[in-house]
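The values are calculated or read from the model by the stated rules, or taken from the named source; none is laboratory data. Keep in mind that this is a model prediction, so the values were computed, not measured. Backbone-built Cβ (ideal geometry, glycine too); neighbour counts: all protein chains shown. For the accessible areas, the whole protein counts, side chains as well, though only heavy atoms, and no ligand, DNA or RNA atoms are used. Shrake-Rupley method; radii C 1.70, N 1.55, O 1.52, S 1.80 Å.
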Amino acid sequence: MSTGLDYFKKVYDVVPGWVQKMHDYNPAMLDHYTALRGAAMAEGVLSVKEKDILLVGINSSRHYARSMVYHTKGAIDGGATLEELAEYLLVAYNYGGEKALQIGLQSFEYALELTGTQAEKISHDAKAVDIVRYYAQFASTDASKNYYEQLISFFVDGNENALSEKLLETNVVDEQMKYILMTGIYTTVLKNAETDYWAKKARGKGVDEPRLAELGYICLLTAGIPSWFEISDALIEK
């Protein structure tokens, strides 16, 4: 088995069909892609777990379930908790709306399976507020339960501004990671001005340039070279 096939079998337990086909048609291409993925997903100023779970949130926000589910396994294998995963999936609402939350349920259900957690499923057509209520049952502290109660209140009242702000506040996930996620979302959908806006907001929360650069590498991995063009414009030159 080639190095590329070995690598992806280790990552996913099986060789995905898209990997096998890249190898079958052009083994050298798979070798180059494997090297790129290995560099982008390596432990750095962002941990491997953080990179995987960021990609879960990014891809749920842009309604791309396939990549979202692939990276769910990486996040859980890296030690992400169900509480953390739920919160990244909720932040995706700030770009992808209710559909992002509905798609995100596929990630959460897979995580339940991976962790051997028994829980009732919720319809993938559920309303956003009902999905928030569903995730609230996994809150493990009084502070986290209160966080969800406030989110639900804002949803019920239709207070979108307060809701957006609350989604970005620290709960089990630090606000810095949430602002990194928002920067990554706009990077992958190639919205240059918004990428710059969120990168500046992230810096204001204490996110440093190396983390934004590593975010750019994983955005490149999931959305191609154009996404690097976008975030590179927002990076401060050394």
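Structure notes:
- Residues in segment 1-23 that are open to solvent by 90 Å² or more (accessible area, probe 1.4 Å) and in a helix (DSSP H, G or I) were compared, and the one that is modelled with the lowest pLDDT is THR3.
- Being without any contact (Cβ under 8 Å) to a residue 60 or more places away in the chain, among the small types (Gly, Ala, Ser) and farther than 28 Å from ARG37 by Cα is a description that applies to ALA143.
- Cβ-Cβ contacts under 9 Å between residues 6 or more apart (or on different chains), taken from a first residue in segment 6-35 that is under 20 Å from ASP77 (Cβ atoms) to a second residue that is polar (S, T, N, Q) and open to solvent by 50 Å² or more (accessible area, probe 1.4 Å), are listed as PHE8/GLN20; THR34/THR3.
- Hey, TYR70 in a helix (DSSP H, G or I), closer than 30 Å to ASP208 by Cβ and open to solvent by 30 Å² or more (accessible area, probe 1.4 Å) or not: yes
- Condition check for GLU230: charged (D, E, K, R) and surrounded by 21 or more Cβ atoms within 10 Å (Cβ to Cβ): yes
- Neighbours by Cβ (under 8 Å, 6+ apart or cross-chain): first from segment 181-198, without any contact (Cβ under 8 Å) to a residue 60 or more places away in the chain and over 14 Å from GLY216 (Cβ atoms); second charged (D, E, K, R) and open to solvent by less than 70 Å² (accessible area, probe 1.4 Å): LYS191/GLU230
One line per residue, one yes/no per condition, for (1) in contact (Cβ under 8 Å) with a residue 24 or more places away in the chain; (2) in contact with a Ser or Thr (Cβ under 8 Å, 6 or more places away or on another chain); (3) not charged (D, E, K, R):
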residue: ASP125; (1), (2), (3): no, no, no
residue: ALA136; (1), (2), (3): no, no, yes
residue: ALA139; (1), (2), (3): yes, no, yes
residue: LEU151; (1), (2), (3): yes, no, yes
residue: PHE154; (1), (2), (3): no, no, yes
residue: ASP157; (1), (2), (3): no, no, no
residue: ALA162; (1), (2), (3): no, no, yes
residue: LYS166; (1), (2), (3): no, no, no
residue: VAL173; (1), (2), (3): yes, no, yes
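- Among the numbered conditions (1) farther than 30 Å from ASP233 by Cβ; (2) touching a residue at least 12 places away in the same chain (Cβ under 8 Å); (3) open to solvent by 30 Å² or more (accessible area, probe 1.4 Å), the only one that VAL132 does not meet is (3).
- Residue count for segment 136-171, restricted to those that are small (Gly, Ala, Ser) and in a helix (DSSP H, G or I): 6
- Segment 165-206: number of residues that are at negative phi and either under 17 Å from the mean Cα position of the chain (by Cα) or buried (at least 21 other Cβ atoms within 10 Å of the Cβ) (or both): 27
- Contact annotation: residue pairs with Cβ atoms under 6 Å, 6 or more positions apart or on different chains, pairing a residue in segment 76-105 that is within 19 Å of LYS51 (Cα to Cα) and touching a residue at least 12 places away in the same chain (Cβ under 8 Å) with a partner that is of a type in the set (A, V, I, L, M) and open to solvent by 30 Å² or more (accessible area, probe 1.4 Å), are ILE76/LEU114; GLY78/VAL48; GLU83/VAL172; GLU84/VAL172; GLU87/VAL172.
- Top-ranked residue in segment 76-117 [being more than 18 Å from GLU160 (Cα to Cα) and charged (D, E, K, R); ranked as surrounded by the fewest Cβ atoms within 10 Å (Cβ to Cβ)]: GLU113
- LEU220 meets each of the listed conditions (1) surrounded by fewer than 20 Cβ atoms within 10 Å (Cβ to Cβ); (2) touching a Ser or Thr at 6+ places or on another chain (Cβ under 9 Å); (3) not basic (Lys, Arg) apart from (1).
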